[in-house]
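Written out below as structure tokens is the structure these notes cover.
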Amino acid sequence: MTGHGPERSLAELIEGNARFAEGKSLHPRQDARRRAEVLEKGQYPFAAIVACSDSRVSPEIVFDQGLGDLFVVRTAGNLVDDLGIASLEYAAAHLGVPLIVVMGHSRCGAVTSAVEGGEAPGSLSAIHAALAPSVEKAKHRPGDVVDAAARENVKSLVAALGRREGVLKGLVDRGALSVVGAFYDIERGSVEFIG
Ligand SMILES: [Zn+2]
């Protein structure tokens, strides 16, 4: 176990992102000593992050963390299927991760593609289908429809993970796990936690 509760994990992420956004990253725990430490003692990440595969939103960089700190699941559009959920269950149940953050971001290509609609080649249609309910809701929201859809997607994933029977809901009900949403502004470098 990390010894962290959900609140402390959240505070570490907020502090790390503030450093990154201000250009004051410390790049902690990224050296050979840390590499040896996490090999010898094993990994005790203090948060799991569901993020987009977009090369501009790397969680370890955005939250200024190091090796062994974050357990990360990444797919285009920060969506999770059964394999992604199984990864999160492993993090929560076996590694004792107390906090799952589902992080969407501004100007998301996957969401933009889903908003534009039309023919999606190959398996990309699966991403469109998964995002379709969020896109539909976003059309009735004010402001940029892509960012609104990305936020809706985060909210629906947070809700779905929190009530996922089996492992996650049990841990949430016991207070051992929190699932929260976040939205990363790729221009400002800042992460807003959105509940
Ligand atoms: Zn994206």
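Remarks
- Shape of the range 128-182, Cα gyration tensor, a/c cut at 1.5: prolate
- The alpha carbon radius of gyration of the range 6-193, expressed as a multiple of 2.2 N^0.38 Å, is 1.03.
- Angle in degrees between helix 145-162 and the longest Cα principal axis of the chain, rounded to the nearest 10: 50
- Compared with the direct C-alpha span, the chain from S87 to E136 gains 14.8 nm at full extension, assuming 0.36 nm per residue.
- Residue pairs exceeding 32 angstrom between C-alpha atoms, taken from K41/K169; K24/K139; K139/K169; K137/K169: K24/K139.
- Crossing angle, helix 6-21 versus the chain [Cα axis fit, 0-90 degrees, rounded to tens]: 70
- For A159 and E7, the FRET efficiency from 1/(1 + (r/R0)^6), where r spans their Cβ atoms and R0 equals 25 Å, is about 0.75.
- For the range 82-142: span of alpha carbons on each principal axis (Å, largest first): 41, 32, 18
Every read-out reported here was derived from the displayed coordinates using simple, explicitly stated rules and does not represent laboratory data. All of these numbers come straight from a predicted model, not from anything done at the bench. Glycine gets a Cβ as well: all are built from the backbone with ideal geometry, and neighbour counts include every protein chain shown.
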